[in-house]
Amino acid sequence: MEIDEEKPHAAIAENPNENVIRERNAEIVSGGNVFYNPVQEFNRDLSIAVLNIYYRRLAKERSEKALKKQRKRVKENEAEEKPETGVPEDPPVYVAGTRYEDGLRILEALAATGLRSIRYAQEIAGVRQIVANDLSRQAVASINTNVRHNKVEELIEASHADAMTVMYLSTAPEKRFDAVDLDPYGCPNRFLDGAMQCLVDGGLLLVTATDMAVLAGNAPEACYVKYGSVPLRMKCCHEMALRILLHCIESHANRHGKYIEPLLSISADFYIRIFVRVYVGQAQCKLSMSKQSWMYQCTGCETFTLQPLGITKPNPTTGNPQQLKFGIPTGPAVNSQCEHCGHRHHLGGPIWSAPLHNPEFVQDLLKAVQEPPLESLGTQRRIVGVLSMVQEELQNVPLYYTPDKLCCVLKLEIVPMLKFRSAILHAGYRVSYSHASKNSLKTDAPPAVLWDILRSWSKRHPVNPDRMIPGTPLQAILSKPCTKDYEFDELHPAANPKSRKSALSRFQENPTPHWGPGTRATIMIGDNKLPKSYRNQNKKQRHKTTQQQPGNGDQMDAPPQPDGEEHLAKQPKLEATA
């Protein structure tokens, strides 16, 4: 199926009302009080790109299914000696901003001002209906005003109801949605059950979670209550958050005889965003147990080990490799004491241990955002960088290490990233970055090899002998002999990935005054929020520096200078208004 560029919208006249928020072609009449977060523009842009590619795939699947039925009818007619010739019709051409009866039916369950729904209507090719729902009467009034203001009444229907009620009332086959977008404040778990029941077979579920402190391990008891999983305090906490949410979504799907296929799982800014397709299939649900794993983390050296909840193998009695036999693994996967440093383990999980992304979908998405009309997205440069990183990730390697933490355990001088990657590659293992961290080391090399590499590095940069205290991870690991010398000086051709060579915008920029999910039921942009967030940014550090250097307080009022890898220009100073 081919999708034309979106139809050019009429130029929006300059509005004398200063409380109008513009994002691409959409205008939101705020009246001074509106829940709008400019940092989330990346979220909205990425969602628009994903939905466009999803519908291209969905339309292609429908066309192939119709062609298959047609060929079956032809064979039946030939058997009855009634020849019938039929040529499949060319796939229709879809443009954005136009209603199609065979298009997507989308639910934005928590729409607030309706900005996301309006952008969906303007920028997604092949839409039948978008239901913009919110529990707040004031929000629904704002949605109606903004829908009329942007002239998309034909595509958007405002709904004033509880999100879960809307989804439970849409479980009948003729009322189900092709895509459900959940972008709540905090945890999305209470909406997942309804979303699973109101999605069509093969539908797309878009989920955002902003309670990163819970998912990252700061409150394991709260995470278990919300997501049914115990997180561990690890450097790879952002990828672990993605895997905990995927485990939660999969468990909700399994209750209704469904399973998920992750298309794209992103950790960005202060939230995580997940795009999954939901399919019906009791047989495939049986594979879910083998996609989840427990986590063991050493309390000393923080080495982690995964143990799957289930295993699969070909059934030897049938001889059919497609027929699987399910089993329970023996365990535990670790000894009572860590084999590297002798300390005991923490137990966490279960988490999703299958791949986070669909490589073919990511490739199609990356190609599409570099072509019209998606190449004009406001955050297109960052989307290209993140998707390029995702494409380079090792898909079958869950979680990652960081060189700074590994070297911190042994009190060593930190190994430069490219040297560490080269040593792993020269040793015959694979390695990649993770899009979730610029210091990530995702590799299929076992932990024993990583520690051996650091023993070899310690020969060049010896540790202080006074730190060799018995019983510490440092002493236990470095007292073992190094099995071989690793190559650090010769840079491996694959050590520097293409995304880094091309200087793509791979990681999030420094926090802005609007950083964070905001406060429940409060405005994000207004007369008071902007100066308050500006004043509080890096407040503790400024106060500490002021105390250490009396008389320099005026200089510390300036916004913090950017230090992120991809921040190309200094941010203009924001003027605080009363």
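The values are calculated or read from the model by the stated rules, or taken from the named source; none is laboratory data. Please read these numbers as outputs of a predicted model, since none were measured by experiment. A quick note on method: Cβ atoms are made from the backbone with ideal geometry, for glycine too, and the neighbour counts reach across all protein chains shown. These area figures cover heavy atoms from the full protein model, side chains too; ligands, DNA and RNA do not enter into them. Shrake-Rupley method; radii C 1.70, N 1.55, O 1.52, S 1.80 Å.
The accessible-area ordering, largest first, of the residues Leu115, Leu347 stands as Leu347, Leu115, per a 1.4 angstrom probe.
Accessible-area rank, largest first, for Arg382, Arg44: Arg382, Arg44, with all protein chains present and a 1.4 angstrom probe. With all protein chains in place and a 1.4 Å probe, the accessible surface of region 142-263 carries 50 percent carbon and sulfur.
Residues in region 218-235 carry Karplus couplings, in order, of 6, 9, x, 5, 5, 5, 5, 5, 7, 10, x, 8, 9, x, 10, 6, 9, 5 Hz; the curve used is 6.51 cos²θ - 1.76 cosθ + 1.60 with θ = phi - 60°, and Gly or Pro positions show x. Can you bin region 438-511 into rounded, prolate or oblate? Criterion: square roots of the alpha carbon gyration tensor eigenvalues sorted a ≥ b ≥ c, rounded for a/c under 1.5, prolate for a/b above b/c, oblate for the rest. It comes out prolate by the Cα gyration axes. Between Gln284 and Glu157, the distance separating the two model label sites (each 7 Å from Cα on the Cα→Cβ line) works out to 2.8 nm.
Each residue of region 170-186 was assigned a 3J(HN,Hα) from its phi angle through the Karplus curve 6.51 cos²θ - 1.76 cosθ + 1.60 (θ = phi - 60°); the sequence is 10, 8, 5, x, 6, 9, 6, 9, 7, 8, 10, 10, 10, 10, x, 7, x Hz, with glycine and proline shown as x. With a Förster radius of 45 Å applied to the C-beta separation of Ala66 and Lys484, the computed FRET efficiency comes to 0.15.
With protein chains left intact and a 1.4 Å probe, residues in region 259-326 average 42 Å² of accessible area per residue.
Between His149 and Gln363, the contour length at 0.36 nm per residue exceeds the Cα-Cα span by 73.4 nm.
Taking a ≥ b ≥ c as the square roots of the Cα gyration tensor eigenvalues, with a/c under 1.5 meaning rounded and otherwise prolate when a/b beats b/c, else oblate, which class fits region 166-259? Note, shape of region 166-259 comes out prolate. With Cα atoms defining each centre, region 382-409 and region 286-365 are spaced 19 Å apart in the structure. Amide H contacts of Ser159: Ala132, Asn133, Asp134, each under 5 Å away and 5 or more positions distant or on a separate chain (H built 1.01 Å from N in the peptide plane; Pro and chain starts excluded).
The largest accessible area among Val93, Val147 belongs to the first residue in Val93, Val147, and the rest follow in falling order (1.4 Å probe, all chains). The stretch between Asp444 and Arg344, if pulled fully straight at 0.36 nm per residue, gains 33.7 nm over its current Cα-Cα span.
Within the shell of other residues whose beta carbon sits under 9 angstrom from the beta carbon of Ala109, the net charge comes to -4, with Lys and Arg scored +1 and Asp and Glu -1. Under the simplified labelling scheme, the Lys405-Glu261 pair shows an inter-label distance of 3.2 nm, with each label point 7 Å from Cα along Cα→Cβ.
Most simply put, region 166-280 has about 75% antiparallel DSSP beta bridges, counting only bridges with both residues inside it. Of the solvent-accessible surface of region 366-518, computed with a 1.4 Å probe and all protein chains present, 52% belongs to carbon and sulfur.
Among the listed pairs Lys286/Lys367; Lys235/Lys313; Lys405/Lys459; Lys442/Lys498, a Cα-Cα separation exceeding 28 Å is found for Lys286/Lys367; Lys235/Lys313.
Taking a ≥ b ≥ c as the square roots of the eigenvalues of the Cα gyration tensor, region 398-481 is prolate, since a/c reaches 1.5 or more and a/b is larger than b/c. Each of Glu375 and Lys459 was given a label point 7 Å from its Cα along the Cα-to-Cβ line. The distance between the two points is 5.2 nm.
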